[in-house]
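Report on the following structure.
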Amino acid sequence: MIELTNVHKSFGKVEVLKGITASVEKGEVVCVIGPSGSGKSTILRCINGLESYDSGDILVEGARVDRNAPSIVAIRTQVSMVFQRFNLFPHRTALENVIEGPVYVKKEPRAEALERGRALLAQVGLAEKADSYPPQLSGGQQQRVAIARALAMQPKAILFDEPTSALDPELVGDVLSVMRRLADDGMTMVVVTHEMGFAGDVADRVLFIDGGVIVEQGPAKSVLNQPQHARTQDFLRRVLHPL
Amino acid sequence: MQAFWRDATEFLPILMSGVALTVIVTIGSLLLSTALGLVWALMRVSGIGIFSGFSAGLINVIRGIPIIVMLFYLYFVMPELGLTLTALEAAILGLGIAYSAYQAENFRAGIEAIDKGQIEAAQAIGMGWWQTMRRVVLPQAIKIVLPPYGNIMIMMLKDSSQASTITVAELALQGKLIASSTFKNTSVFTLVALMYLTMSIPLILLVRHFEKRAGHK
């Protein structure tokens, strides 16, 4: 469903992606792990065209991602994104945030979008917050609204860019459990995360990225429990046993 | 003091006709400068080289020319180039263009203050540039832009008096005409000053209201 072939990307003189080749199948949950600055987020941002890439190919359901082509709109409505810092629209209520894309991009009838928007907010456990504005919500609540906003586009896949990194520790669980339910329902997900527990329990596959290359990838359990590569072993040891 | 009140009742009706023109010039140039300023600002942030370059250059040219020269140019020079404007039209056009530069810089500051994440979130749900501006960026930028916008309104009200230099018989010119024919300088210009002040007070209150609201959220 998502295919990356030899993707290169530089910011000025710094090459952040040095030939990434990977694919995500329909219904698969892929967690991307790796140190800060390794290029994890950049991969996600290239997939839905928030960043351009210099060479290689990214295909979403066979369509090439090109952020300057008109086709990018169709790709973005199929591949939603959830951001580290939520990026909810602060001047609109939770429900208005959720229906913004369906009504103003996909031109769905408002009544229909509202009905589904309420159902989605209920699904993420925030039915009673429909009329609250984002600044009135906790970080965990805001991120769950953001997930509902992503779902409202009825996407074929959702990209999560460190969805719990900006949250207070006690709020992480609510967001992860919403994500776990999505995975159980068969949603295709690419998750950049530092939550190794989530990766181990929910992910089908894990990619370990360091220095702009995929160092190691495979079934979640084997990458996390029996990493083959020295850099993976070193990274996991630091993350799992920081002291 | 008694003399002042007697003069006031005598001159007020004439001065009021000046007030009407002052209001027309102010509102006209406010609308024009807002519209033009928004266009310049959007061009400036469009990310398209020619547009942002043109807008940046234009803003500097406009800012570098005194309002009074701009008015003279429109009223005295344009007829030679085949475009004859009435004094009122020239005043509104000149002040509108002159102030569009300040409006544009204010709007740009407001737009650029919006978190980049907002724009990315809008793009990520498939919005184009214009829709992102209209639905996401501008509604948030308005709150930031309003307090300085209010100040610009007050400045425009006062600068509308420059229209007197091209024969628009607004408040300042009416005052000058009465003063030079009656020699009652003190009464007349005190009245004129008080009338400008009276017109600014609602605007000052409006600015204060904007600032309170901006500080709220």
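Quick look at the values:
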{"quantity": "Residue in the stretch A:156-164 that is surrounded by fewer than 22 Cβ atoms within 10 Å (Cβ to Cβ), out of contact with any Pro (no Cβ under 8 Å at 6 or more places or on another chain) and of a type in the set (S, T, N, Q) present", "calculated": "no"}
{"quantity": "Subset of the stretch B:26-75 that is touching a Lys or Arg at 6+ places or on another chain (Cβ under 7 Å) and touching a residue at least 40 places away in the same chain (Cβ under 8 Å) - its residue that is most open to solvent (accessible area, probe 1.4 Å)", "calculated": "B:44"}
{"quantity": "Number of the condition not met by residue B:93 [criteria: (1) surrounded by fewer than 21 Cβ atoms within 10 Å (Cβ to Cβ); (2) within 14 Å of chain A (Cβ to nearest Cβ); (3) in contact with a helix residue (DSSP H, G or I) (Cβ under 6 Å, 6 or more places away or on another chain)]", "calculated": "(2)"}
{"quantity": "Within the stretch A:72-181, helices (runs of 4 or more DSSP H) holding 1 or more residues that are within 9 Å of another protein chain (Cβ to nearest Cβ)", "calculated": "A:72-78, A:94-104, A:139-152"}
{"quantity": "Residue tally, condition among the β-branched types (Val, Ile, Thr) and assigned to a loop (DSSP other than H, G, I, E, B), over the stretch B:119-158", "calculated": "1"}
{"quantity": "The stretch B:106-145: number of residues that are without any contact (Cβ under 8 Å) to a residue 60 or more places away in the chain, over 22 Å from residue A:107 (Cβ atoms), more than 7 Å from chain A (Cβ to nearest Cβ) and surrounded by fewer than 21 Cβ atoms within 10 Å (Cβ to Cβ)", "calculated": "6"}
{"quantity": "Scan of the stretch A:25-55 for residues that are under 17 Å from residue A:155 (Cβ atoms) and either open to solvent by 30 Å² or more (accessible area, probe 1.4 Å) or more than 14 Å from chain B (Cβ to nearest Cβ) (or both), ordered by number", "calculated": "A:25, A:26, A:27, A:28, A:29, A:30, A:45"}
{"quantity": "Of the criteria (1) within 27 Å of residue B:134 (Cα to Cα); (2) open to solvent by 80 Å² or more (accessible area, probe 1.4 Å), which one residue B:13 fails", "calculated": "(1)"}
{"quantity": "Qualifying residue in the stretch A:13-24 (condition: of a type in the set (Asp, Glu) and surrounded by 14 or more Cβ atoms within 10 Å (Cβ to Cβ))", "calculated": "yes"}
{"quantity": "Some residue of the stretch B:173-189 being within 14 Å of another protein chain (Cβ to nearest Cβ) and either outside any helix (DSSP H, G or I) or at negative phi (or both)", "calculated": "no"}
{"quantity": "In the stretch A:182-191, the residues that are in a helix (DSSP H, G or I) and in contact (Cβ under 8 Å) with a residue 12 or more places away in the chain", "calculated": "A:182, A:183"}
{"quantity": "Single condition residue B:201 does not satisfy, out of (1) open to solvent by 50 Å² or more (accessible area, probe 1.4 Å); (2) under 30 Å from residue A:85 (Cα atoms)", "calculated": "(2)"}
{"quantity": "Yes/no for residue A:236 being open to solvent by 30 Å² or more (accessible area, probe 1.4 Å) and of a type in the set (A, V, I, L, M)", "calculated": "no"}
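The values are calculated or read from the model by the stated rules, or taken from the named source; none is laboratory data. Because the structure is a prediction, the values reported are computed rather than measured. Positions of Cβ are backbone-derived with ideal geometry, glycine not excepted, and every protein chain shown enters the neighbour counts. SASA here: full protein model, heavy atoms, side chains in, ligands and nucleic acids out. Shrake-Rupley method; radii C 1.70, N 1.55, O 1.52, S 1.80 Å.
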